Amino acid sequence: MNFGGIDPVILLASLMVASTPILLAALGEMVVEKSGVLNLGVEGMMITGAVCGFIASVESGSPLVGFIAAAAGGALLAMLFALLTQVFQSTQVPSGLALTLVGVGLASFLGQNYVGVKSPLTTKMPIPLLEDIPVLGPILFRHDAMVYFSLFAVVVVWAVLKFTRAGLILRAVGENHTAAHALGYKVRRVRVLAIGFGGAMAGLGGAYISLIRVPQWTDGITAGIGWIALAIVVFASWKAPRVLIGAYLFGGITVLQLNLQAAGAKVPVELLSMSPFLATIVVLVVISARSKGAAGGPAMLGRIFQAR
Amino acid sequence: MFKTLLATTALALGLAGAALADDEKTKVGFVYVGPVNDGGWTQGHDHGRKMLEEHFGDTVETVFVENVPEGPDAERVMTQMALTGTDLIFTTSFGFMDPTINVAEKFPDVKFEHATGYKTADNVGTYSARFYEGRAIQGHIAGKMTKSNIVGYIASVPIPEVVRGINSAYIHAQKVNPDVEFKVIWIFEWMNPAKEADAAKALIEQGADVILQHTDSTAPLAAAQEAGGVIGFGQASDMYEYAPSPRVSSIIDNWAPYYIARTQAVMDGTWESAMTWDGISTGMVGIGEITDAVPADVKAEAEAMRDEIAAGTYHPFTGPLNKQDGTPWLAEGEVADDGTLAGMSFFVEGLTGDIPQ
C-alpha cells in the first residue's frame, strides 16, 4: 500500500513516536487537574526531565536510568510548585508560569556541557508473535518500551480514576475540597502526590524527546510541546481516552503534514503547518460537544484550599 | 549651601557621565536568535564573538543576548543594548531586519550590522555569506551519492537565502544526476530539534537517502544516523561529531575575520555602512572536511569545484537555467547578478512544489 509516496503503515508507526511525549505529559497533567490543581508548568517540567534524562543516560550509558532520572527530575521540580501552592498557598497560574521559566533556565544551565554529546540509543522492543501480524504488527508492536508504557499508562490512569477508591478520593478533592476535607481526606497530601505524578510524567515526556525522538540535547528542545499537552487536557475534557485521541491526533497530523509536504501534495504549506492545531481543536470540541458540553472541568480547578 | 551641594552633585554626575563616555573600551553587542550552544548558526556567531575578544583583548568588551524572538522583543533588546553605551551591534538573523532599522534610527551614533538582510541606513550595514556556494558542493555530492535518486531538503523559513540554497543544491545535483528528485519540507523555524527530526524521518521514510538541511540543529543528522544508509551535512557549524558518516561534509560559517575587521573600523573611525556578501574566496564560507564515506573521485570533483568557486572562475548560478515554470532565466554562460540572487523568490526548472508566500 502506498498513497502518493506515503506508506500508511510507516506513517502510523511514526505517528506513535511523535505523539508519545505529548501523551505522557498530558496524561500527567490531567491527573493533576483532576485533583483540582492547575499546573501551567508542564513545559518547564518537560524540559527539566529532558535534560535530567539525557545527562543520566549519557553518564550511565543506560536509557532506562535516563528515564528514571527524568521522572525524578520532573517530579522534583513539581515539588517546587507543590511547595508554593500547597504550603504557601500562592496562586496557581503565576506559580505554574514561574515553574516553566525556572525549568527552562535550569535545563539550559544543567545541559551546558551536554550539547553535541550523543546519548546511548534506545533499542526497539518488538513484541514477539504480535509483531508478525500483517499491517498491525509494524504499526503497533515494533516500538521502544516507552511507547508501550505510555499506552499502558492511559489504561491505568483511566482505570484508577474510574474504579478505585484512590481515584474516587482524588476526584472528590478536585470536585469539592471542602467536603473532601470534612470527610477526613488529606486534601493537600492528595494534591501534592498528584502534582508529583504530573511532574514525573512530564519529565518522562521530555526525556522521550531528548533520548528517542530527536535524540540529542539542545536548549529549548521541547519547543512548546508542554503547552500543547496542556491544551489537549482541556479539549479532551479531562478524560484519559480522549487525551489519547487528542495526543495521537496532534502528533499524527504533525507527521502527516510533513509527509504530505515531502510527497509534494498540492495543498498550501502554511495550511499544512497549521493543520495539527486546527484538526485537534475541531475534533475534540466536536467530541465533547456531543457528550453534553465541554464543561467537564473539575469544579475546584485552580482554587486555593484553606483548611479551617 | 544647598545650591553648592546641588552644583557639586551636578558636577560629579557630569564627570561620571564623561568618564563613561571616555571609556577606552569599544563595546560590541550581539543579538542572537538561538542559544549560543545550538551547535549551528548562533554558535557560529558566538564563536566569532569570542575570537573578537581574543583578538582585541582588553580594548574590547562584548555583550550578547541569546534566544531573542524575531519581532517586537528584538527591538527592546537592541534598544537596551544601545542605551548601555554599545558602539557596534551585530544582529544576526533575517527577522531582525526591521527592528534593526527602527532602533538604528533612534541611535544615530551607534553602528549596526545586520546579518542576511537587505535594508541599510547610514549607520546600518548588512553582511551575509554566500552559502549557496557551499550548497553547490553539497548538491554535487548529493547527486553523486544518492542511490534512490531522492534527496530530502529540510527548509526553514521561506526567504531568498533559503530558496537560493535549494536552487543551488538542486542545480548541481541535477547536473551530475539527471534523475535526481528533491523533496522539500518547510518547517517555518530556524531551530526546532523535534520538528527537524520528524521532518528528516518523513523524508527518509519517503525514500530520501541524502538529507540536506537549512535548519540549525543536529537533529536531522541524528535521524540519518539512526536510519542508517543515509548521509547528511553539517550546517553553519561543522557538526563533526557525526563524521565520518552520516555527516560527510559541511558548510561552516566563519564570521570572526569580519567581526574583527568591522570592530577595527569602528575603533579607527572609518566605519561606513556597506553591504558585504562574501563566500568561499574570503573564507566566510568554509567547506568542512569531506570524509572518506564519499568516494575519492567525487571528493576530488567537489574539492575542485570549491577551488574554482574560491578562485572566481566558476559561479554556481551559470546559465543555461530556466525558472520552474519554464521561462528562461539565464542564457548559456550567463551568470546571475547579485540583485536577483539577493531577492530570489522562485525555484529553478525541475524542482517541484511551491515556495510558501
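The values are calculated or read from the model by the stated rules, or taken from the named source; none is laboratory data. Small disclaimer: the values here were computed from a predicted structure and weren't measured. Note: ideal-geometry Cβ built from the backbone for every residue, glycine included; neighbour counts use all protein chains shown. In case anyone asks, the SASA skips ligands and DNA or RNA and just uses the protein heavy atoms, side chains included. Shrake-Rupley method; radii C 1.70, N 1.55, O 1.52, S 1.80 Å.
Summary of computed values
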| read-out | value |
| --- | --- |
| Chain pair B, A: total accessible area buried, heavy atoms, 1.4 Å probe, Å² | 2600 |
| Per-peptide average of other Cβ atoms within 10 Å, ordering B:56-68, B:207-219, B:266-278 highest first | B:207-219, B:56-68, B:266-278 |
| Lys/Arg +1, Asp/Glu -1 at C-beta; the protein assembly as shown dipole; positive extreme among B:A304, A:G206, A:L258 | A:G206 |
| Average beta carbon contacts from partner chains per residue of A:218-226, 10 Å cutoff | 6 |
| Tilt relative to chain B, helix B:193-205 - C-alpha long axis, 0 to 90 degrees, to 10 | 10 |
| Area accessible to solvent at A:Y185, 1.4 Å probe radius, in Å² | 60 |
| Estimated inter-spin distance, B:A300 and B:D338, nm [label 7 Å along Cα→Cβ] | 3.6 |
| Whole-number percent relative contact order across segment B:26-129, with pairs defined as alpha carbons under 8 Å at least 6 apart | 27 |
| Surface accessible to a 1.4 Å probe, B:Y132 within the full protein complex, Å² | 10 |
| Angle in degrees between helix A:145-163 and the longest Cα principal axis of chain A, rounded to the nearest 10 | 40 |
| B:G283 long-range amide H proximity, modeled H, under 5 Å | none |
| Gain in span if fully extended, B:A311 to B:R76, counting 0.36 nm per residue against the direct Cα distance | 80.4 nm |
| J(HN,Hα) series, segment B:348-357, from Karplus relation 6.51 cos²θ - 1.76 cosθ + 1.60, nearest Hz, glycine and proline x | 7, 4, x, 6, 9, x, 10, 8, x, 8 |
| HN-Hα J in Hz across segment B:232-239 - Karplus 6.51, -1.76, 1.60, θ = phi - 60°, x for Gly and Pro | x, 9, x, 10, 6, 10, 5, 6 |
| Relative contact order [Cα under 8 Å, 6+ residues apart], segment A:200-300, whole percent | 27 |
| Peptides B:330-342, B:229-241 ordered by average Cβ neighbours within 10 Å, highest first | B:229-241, B:330-342 |
| Interchain or long-range residues, amide H under 5 Å from B:T276's placed H | B:T126, B:Y127, B:S128 |
| Solvent-accessible surface ranking, highest first, for B:W255, B:W41, A:W227 at 1.4 angstrom | A:W227, B:W41, B:W255 |
| Sum of side-chain charges, B:I187 neighbourhood, beta-carbon under 13 Å (Lys, Arg +1; Asp, Glu -1) | -3 |
| Calculated [θ] (222 nm, deg cm²/dmol) that DSSP helices of n ≥ 4 give over chain A, each run adding -39,500 (n - 2.57) | -22000 deg cm²/dmol |
| Share, in percent, of DSSP beta bridges within segment B:26-129 that are antiparallel, nearest 5 | 5 |
| Other-chain or far-sequence residues with amide H under 5 Å of B:G232's (modelled H) | B:I211, B:R247, B:V248 |
| Of all accessible heavy-atom area on chain A, the percent that carbon and sulfur account for (1.4 Å) | 73 |
| Selection from A:V187, A:G28, A:A50 lying farthest towards where the dipole of the protein assembly as shown points positive, charges on Cβ | A:V187 |
| MRE, 222 nm, helices only [DSSP H, n ≥ 4, -39500 (n - 2.57), over chain B, to nearest 500] | -13000 deg cm²/dmol |
| Simple spin-label estimate for A:L168 and A:S275 in nanometres, 7 Å along Cα-Cβ | 4.6 |
| GNM flexibility winner over chain A from A:R189, A:R242, A:R171 (Cα, springs under 10 Å) | A:R189 |
| Rounded to 10°, Cα long-axis angle of helix B:72-83 versus longest principal axis of chain B | 40 |
| Charge dipole (the protein assembly as shown, unit charges on Cβ, about Cα centre) - positive-most of B:I171, B:A223, B:G283 | B:A223 |
| Per-residue SASA entry for B:D307, accessible area with 1.4 Å probe, Å² rounded to 10 | 80 |
| Accessible area per residue, Å², the protein assembly as shown with all protein chains present, probe 1.4 Å | 41 |
| Of B:K147/B:K183; A:K266/B:K183; B:K25/B:K119; B:K175/B:K195; B:K119/B:K195, pairs whose Cα-Cα distance is over 23 Å | B:K25/B:K119; B:K175/B:K195; B:K119/B:K195 |
| Mean separation of Cα contacts under 8 Å, 6 or more apart, over the residue count of chain A: relative contact order % | 36 |
| C-alpha center-to-center spacing [segment A:219-240, segment A:8-82] in angstrom | 11 |
| Antiparallel %, DSSP beta bridges [both residues in the protein assembly as shown], to 5 | 20 |
